[in-house]
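To start, the structure under review is shown below, and the notes come after it.
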Protein chains: 2
Amino acid sequence: MKLEDAKQQFINSWGAFGTQWGINRTMAQIHALLLISTAPITQDDVMEQLSISRGNVNMNIRDLIGWGLVERVIVSGERKEYFIADKNIWKVATQIIKERKKRELDPMLKLLSQLGNIDDKKEKDAKEFLTVVSDIKKLGSHADTLLDLMVKAEENKFISGVLKIFN
Amino acid sequence: MKLEDAKQQFINSWGAFGTQWGINRTMAQIHALLLISTAPITQDDVMEQLSISRGNVNMNIRDLIGWGLVERVIVSGERKEYFIADKNIWKVATQIIKERKKRELDPMLKLLSQLGNIDDKKEKDAKEFLTVVSDIKKLGSHADTLLDLMVKAEENKFISGVLKIFN
DNA sequence: TTTAATTTTCATTATTTACTGAAAGTTCAA
DNA sequence: TTGAACTTTCAGTAAATAATGAAAATTAAA
């Protein structure tokens, strides 16, 4: 397989993969493109490589910056803005985890706490409902712990080693 | 807050939450409804409670069954089919994890393996590309390990205990 | 068997989500 | 301080996704 074909396939598949996880296709593709670009690239480069409009590129790059996955770089002597993605895949993963936790898991846990405050907690129906809500909260906290552990495992050889024992 | 309001809010939020994770809103809502239903319910019950069409209910329930989250039950003396969801939230979580692994992570890892087979592996560009691909593969395997661990932790008090140490 | 109850399918329609491109905004060299 | 280079915004449009509902298929009681 030719390198260029492999790159193209990587970009396409990354896009498709993202879609399944609620990330828009183009955003995932731009991220993929940046991940495999050896040098910083401009909005125009992205437009050309992915055949998409300027507005689309601009908005999605901004989102990627918001996710902490991409940053602007200044190339001296150049007027245009250039962009790069962090190539450390582990950092990418932990960044995504952190953001999704903050944006989605935390609000969900907060909501579940509110739902715990119902009248007539002793009704049979109410009890069952409260059990489900409380179990989901516990699961959320558990996931939280495990995600933190995942982050720590990368930074800490000891933890990483202990985890491997159970593998 | 009234129990009925809380239930309704739970269903709506669960739907919204699902959307963010690439699960269609209605499917998530039906799952939520089943999670908090004390007795088995029919397609007609779902239609009424969520104000959606018969076809919609039918297709989404079938999907939920495909995910291993819902099952048909027969109520003796009744012609209609009834449905229930597993209320054990931990089982729900591990089931979703298993399915997403099988449907998404595994194919992605397979693809990445294929992308490793490029010509001219010694080109500078090629090397960088291969590094990214290989790193993502490693991350995938790592996630795999951790997800398995998450499943085991529920079944095994010892593992669960060790994990808590690092918390 | 018949036939009425129930489930399933899927072409059509509706909704949601994403993209375009031109206009407005910003920046900075001259 | 002008204006060319570049970035950002967003109304309108396109594409993707989900829902409807009526017809076909299936099931099982009579």
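The values are calculated or read from the model by the stated rules, or taken from the named source; none is laboratory data. Note that this is a predicted model, so its numbers are computed, not measured. Note that each Cβ is placed from the backbone with ideal geometry, even for glycine, and that neighbours are counted across all protein chains shown. These accessible areas exclude ligands, DNA and RNA; they are computed on the full protein's heavy atoms, side chains included. Shrake-Rupley method; radii C 1.70, N 1.55, O 1.52, S 1.80 Å.
Miscellaneous remarks
- The set of residues from the range B:9-31 being more than 13 Å from DNA strand D (Cβ to nearest atom) and surrounded by fewer than 16 Cβ atoms within 10 Å (Cβ to Cβ) comprises just one member, B:9.
- Residue match in the range B:53-73 (condition: without any contact (Cβ under 8 Å) to a residue 40 or more places away in the chain, more than 14 Å from DNA strand C (Cβ to nearest atom) and more than 21 Å from the chain's Cα centre (by Cα)): no
- The condition of being open to solvent by 20 Å² or more (accessible area, probe 1.4 Å) and closer than 22 Å to residue A:92 by Cα holds for only one of B:115, B:111, B:146, that being B:111.
- Of all residues in the range A:53-103 being β-branched (Val, Ile, Thr) and at pLDDT below 95, the one that is most open to solvent (accessible area, probe 1.4 Å): A:74
- The condition of being assigned to a helix (DSSP H, G or I), within 13 Å of chain B (Cβ to nearest Cβ) and within 16 Å of DNA strand D (Cβ to nearest atom) holds for only one of A:64, A:34, A:105, A:109, that being A:34.
- Selection count where residues are away from DNA strand C (no atom under 14 Å from the Cβ) and either without any contact (Cβ under 8 Å) to a residue 12 or more places away in the chain or farther than 27 Å from residue B:126 by Cα (or both), scope the range A:40-52: 1
- Residue tally, condition facing another protein chain (nearest Cβ under 9 Å) and either within 16 Å of DNA strand C (Cβ to nearest atom) or not in a loop (DSSP other than H, G, I, E, B) (or both), over the range A:75-102: 5
- If the condition is being at the interface with chain A (Cβ under 9 Å from one of its Cβ atoms) and either of a type in the set (S, T, N, Q) or in contact with a Ser or Thr (Cβ under 6 Å, 6 or more places away or on another chain) (or both), then the range B:1-31 contributes B:9, B:13, B:19, B:20.
- When residues of the range A:118-132 are limited to those that are more than 7 Å from chain B (Cβ to nearest Cβ) and closer than 25 Å to residue B:96 by Cα, the one surrounded by the most Cβ atoms within 10 Å (Cβ to Cβ): A:130
- Subset tally (residues that are among the β-branched types (Val, Ile, Thr) and more than 9 Å from chain A (Cβ to nearest Cβ)) for the range B:148-167: 1
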